[in-house]
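The values are calculated or read from the model by the stated rules, or taken from the named source; none is laboratory data. Not measured: the values here are computed from a predicted model. Here Cβ is always computed from backbone atoms with ideal geometry, including for glycine, and neighbour counts include all displayed protein chains.
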């Protein structure tokens, strides 16, 4: 081989080596144009929260913080007084309140003048159904025990004399009837529910009391309390 041929062969060999290096480099170097872009965080729309929604933490009362808490108990309202409540004790064990009222037909009934005698007083009115039932029974006890000193008094409340007189005559009432024309006696005795009965002993102390609607058994027991030395029968 001549010198020229050797030079040509050397050049070709160099070109071949360069070509091989280029191919090898292309195989190992990453293609930046093909590499995917690094993902970015998603866009946040206006008004959206970037953090997860957290439920409110319950408070010690079991309600969410900030919620209104109802009081554990509301104070009980005071009960409205009723006529029954007003006369619950009927002055039992206490001196009877004063009583001085005009008497139907003339005169005056004064409780102070009846001391020394057992007295049964009822506050009533002609419109009261219980009075229609009870006055005849009271009349029967009065007739039986008047000789033993029993005094029975009916006090008609806030009615005309003529109305009271007609009513008492229709029931043949034999005992005295007082007229509480202005209701002042009723108020003094706190007899706001009619009829109301009071049994007063010879010392002027109230020993028993009752609202209307009672029967002869109750009447007899109450009379026995103010007439302990007399056997009361029906």
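Counting only residues that are touching a helix residue (DSSP H, G or I) at 6+ places or on another chain (Cβ under 8 Å) and in contact (Cβ under 8 Å) with a residue 60 or more places away in the chain, how many does the range 144-155 have?
Going through the range 144-155 one residue at a time, the tally reaches 2.
With without any contact (Cβ under 8 Å) to a residue 60 or more places away in the chain and either at negative phi or assigned to a loop (DSSP other than H, G, I, E, B) (or both) as the only criterion, which of 141, 175 stands out?
Unique residue meeting the criteria: 175.
If I ask for residues that are outside any loop (DSSP other than H, G, I, E, B), in contact (Cβ under 8 Å) with a residue 40 or more places away in the chain and either loosely packed, with under 15 Cβ neighbours inside 10 Å or more than 32 Å from the chain's Cα centre (by Cα) (or both), which ones from the range 200-221 would you list?
The answer is 200, 205, 206, 207, 216, 219, 220.
Restricting to the range 222-234, name every residue that is surrounded by fewer than 17 Cβ atoms within 10 Å (Cβ to Cβ) and in contact with a strand residue (DSSP E or B) (Cβ under 9 Å, 6 or more places away or on another chain).
Within the range 222-234, 225 is the sole residue that qualifies.
If residue 89 satisfies every condition in (1) at pLDDT 95 or above; (2) under 22 Å from residue 208 (Cβ atoms); (3) part of a loop (DSSP other than H, G, I, E, B) but one, which is the exception?
All conditions pass for residue 89, except number (1).
Being part of a strand (DSSP E or B), within 18 Å of residue 104 (Cβ to Cβ) and within 37 Å of the chain's Cα centre (by Cα) is the requirement here; does residue 156 meet it?
yes
Can you tell which of 99, 158, 111 is in contact with a helix residue (DSSP H, G or I) (Cβ under 6 Å, 6 or more places away or on another chain), within 21 Å of residue 190 (Cβ to Cβ) and either modelled with pLDDT of 95 or more or loosely packed, with under 14 Cβ neighbours inside 10 Å (or both)?
99
Is it true that some residue in the range 189-199 is in a strand (DSSP E or B) and farther than 17 Å from residue 101 by Cα?
Scanning the range 189-199, I find at least one residue that is in a strand (DSSP E or B) and farther than 17 Å from residue 101 by Cα, so the answer is yes.
Spot the failing condition for residue 117; the list is (1) more than 20 Å from residue 183 (Cα to Cα); (2) modelled with pLDDT of 95 or more; (3) assigned to a helix (DSSP H, G or I), and only one is missed.
(3)
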